[in-house]
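Asker: Dropping the structure in here first, questions after.
The values are calculated or read from the model by the stated rules, or taken from the named source; none is laboratory data. In this text, all values refer to a predicted model and were calculated from it rather than measured experimentally. Cβ placement follows ideal geometry from the backbone for every residue including glycine, while neighbour counts extend to all protein chains displayed. For accessibility, only protein heavy atoms count, side chains too; no ligands or nucleic acids. Shrake-Rupley method; radii C 1.70, N 1.55, O 1.52, S 1.80 Å.
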Amino acid sequence: MMFINEAITWQTKPASVLADFLRLLQPLAPHLAEELWSRLVAAGLEKPANLSYSPWPKFDPALLAEDTIEIPVQVNGKLRDVITVAANASPQELEAVAKGSEKVMQFINGKVIRKVIVVPRKLVNFVVG
């Protein structure tokens, strides 16, 4: 469903992407996938072959690598903001970006930060008093 919701908004839908989607859909909804595959074949976008015997899409681990990640920022254990940082950001960078967030500043300005808990790639928590 996530793929369909995203693909609906595309102006053009590449046949290679649709073919790979149908290969992945086939074990879950074989009749629907075969029907849609036959339409790709009829349109001349795929070779006339049985979908069940077509090769599985190749896995590319490079596509899973993330450049940025979202980190929740808490103040006294309550979620106050979600920041977007580089995936390889250091704990010091995470703390600096979290302190610079306008939403977090409302809750830490004028208060003493007693402890800063930074779990890399997971969360930043400020304990204030």
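Asker: Select, from 48, 57, the only residue that is touching an Asp or Glu at 6+ places or on another chain (Cβ under 6 Å) and not hydrophobic (A, V, I, L, M, F, W, C).
Answerer: 57
Asker: Conditions first: (1) more than 24 Å from the chain's Cα centre (by Cα); (2) surrounded by 12 or more Cβ atoms within 10 Å (Cβ to Cβ); (3) within 30 Å of residue 111 (Cβ to Cβ). Residue 83 passes all but one, so which condition is the exception?
Answerer: (1)
Asker: When you go through (1) in a helix (DSSP H, G or I); (2) open to solvent by 60 Å² or more (accessible area, probe 1.4 Å) one by one for residue 47, which number turns out not to apply?
Answerer: (1)
Asker: A further question on this structure: Consider residue 98 carefully, then state whether it is without any contact (Cβ under 8 Å) to a residue 40 or more places away in the chain, closer than 24 Å to residue 122 by Cβ and touching a strand residue (DSSP E or B) at 6+ places or on another chain (Cβ under 6 Å).
Answerer: Criteria met by residue 98.
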